[in-house]
Amino acid sequence: MYDPGSWDEDAARPYFFLSYAHTPRAGARGAGDPNHWVRQLYRDLCEAVLQLTTLPAGAPVGFMDESMHQGELWAERLAQELATCRVFVPLYSPRYFNSLACGQEWHCFTQRPVYPANIDSERTSGVVPVLWVAMGQYKLPEVASRLQFNHASFGPDYAAEGLYALMKLTYFRSAYELAVHRLARRIVEVAEETVIPVGRQLDFQAQPSAFNVAAPTRQLRISVLSYHQAELPPGRNPDYYGPRRTDWHPYQPAAGRPLAEHAVRLARQLGFQPSVHEFDEELAGLADDGPPTAPGLLLLDRWALHDERRRELVRRFDRANAGWVGVLEPWNMADPDCVEHDGSLGELSAQTLRLTHRAARPSFQGALAGPSGLNSLEEFDDALPRAAMKAKYAFEDRTRSGPEEPVPQRPSLRDAFRGGPGRDGPGLAPDTDDHPASAEGGGPRDGAPPGGGIR
């Protein structure tokens, strides 16, 4: 373990540690090194700092990790530089705040105490942040947002565009040179106006990240409540069903493939990473204690409400008020069975999903999902993006604010789905389906819709 007491007080310490996120090469053959521009910035900063200080020839000016190697020696070198540098210079970018290594670098540096160099100094941080790209539209983690730093002092073009744009575009050449000069001057000022003793060399790979920014919601759990062909109620046309409940394809002949597969394609276009489940087997994930793990969509076959057990299950789901699970009710008016039972099953749906229908109008489903449901594939295509995004927003709001305080008479999802205390009616019966959907996150079964399995 490195001992700070063994540091030679006469040895020159690097002025700055340049912390940045390594950018991978583009997929095209012969693509240039995307980190070339960071290295150029590092060289320009070193030259500018030398001009502003009395550092002797050969003394370390800064440090930049160019290796991208992992392993013990790599981690030891980073830890040593972070324990001895005088200023920490992070290059802000979306990739930076998504990098574990960058968060660990920030954490290691900020474990060292910072003292004002004199009684009149107001410097309390050895961090000099740099806008590699403009970050106005991104939420910064707390450690970055609480820094009091005026980026506009490096020039208006820098504050608006970031250093990467200033370097790449000839039009901004003079703005880049001004920003680098002022950045170097700020590094020197901070180094001279603070006292940051050499710290202990930490076990770099064991350190946590200083960042705590919620990752964008990517998962979307698409669950299907329907039948497979062997369990259809008497008189229901089997042509709209398959061997598994997730094979339900209500819009044929317009769409012959399972609706869940079609929903997966639409969800991917929205940037989600969707997965497909049978709703019966998805209940365990929805009913777990604590906040939900992902937003979801329920594709509800109203014919399934003929089954008393499933109808009670949907009723309890409705009472649980799980706003992060959007409900879509496909209904094909080109299907003679749907035409014949439109009124009765529409009313059954309204009775079973009272809270869901009330919350959905008018901003979400509106006229598209009135008493007759989503009457065509086109209406389904219009409704799914709104339902998915509404579920995403509700999920993010729920996970950000934490679980709600218990309210008398308001069931939790666990109680709602598992028949908790004070609830009438049976809990969820064991599934006796001969073709169960995978619920363990393994690969999808043969013929399963893309993205199957719980993740």
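Read-outs throughout are calculated quantities, based only on the coordinates presented, and are distinct from any laboratory measurement. Just so we're clear, the structure is a prediction, and the values are computed from it rather than from any experiment. A quick note on method: Cβ atoms are made from the backbone with ideal geometry, for glycine too, and the neighbour counts reach across all protein chains shown.
Backbone amide hydrogens, once placed in the peptide plane, bring SER19 within less than 5 Å of VAL89, LEU91, excluding anything fewer than 5 places away on its chain. Couplings 3J(HN,Hα) of the stretch 381-393, computed from phi: 4, 6, 7, 4, x, 5, 5, 5, 5, 4, 5, 4, 5 Hz, in residue order, whole Hz [Karplus 6.51 cos²θ - 1.76 cosθ + 1.60, θ = phi - 60°; x for Gly and Pro]. Descending by average beta-carbon neighbour count within 10 Å, the peptides 149-155, 343-349, 55-61 line up as 343-349, 149-155, 55-61, the highest first. Residues within the reach of a label modelled at ASP239 (point 7 angstrom out along Cα to beta-carbon, backbone nitrogen below 19 Å), restricted to the stretch 334-348, are 334-342.
Annotation: amide H-H contacts under 5 Å for VAL195 (H modelled 1.01 Å from N, sequence separation of 5 or more, or interchain): TYR115, ALA117.
Peptide packing for 199-206, 14-21 was compared via the average number of neighbouring C-beta atoms within 10 Å per residue; ordered from the highest value, the list is 14-21, 199-206. Using alpha carbons only, the radius of gyration of the stretch 4-206 set against its Kirkwood radius gives Rg/Rh = 0.95.
For ASP33 and MET389, a Förster radius of 35 Å and the Cβ-Cβ distance give a FRET efficiency of 0.40, rounded to the nearest 0.05.
Under 5 Å between amide hydrogens, built in the peptide plane, is the criterion, and for VAL127 it picks out PHE88 among residues at least 5 positions away or on other chains. With θ taken as phi - 60° and the Karplus curve 6.51 cos²θ - 1.76 cosθ + 1.60 applied, the whole-hertz 3J(HN,Hα) list for the stretch 238-252 is x, 5, 9, 9, x, x, 10, 5, 6, 7, 3, 9, x, 9, 5 Hz, x standing for glycine and proline.
A simple packing score, the average count of other Cβ atoms within 10 Å per residue, orders the peptides 323-333, 110-120, 247-257 as 323-333, 247-257, 110-120, with the highest score first.
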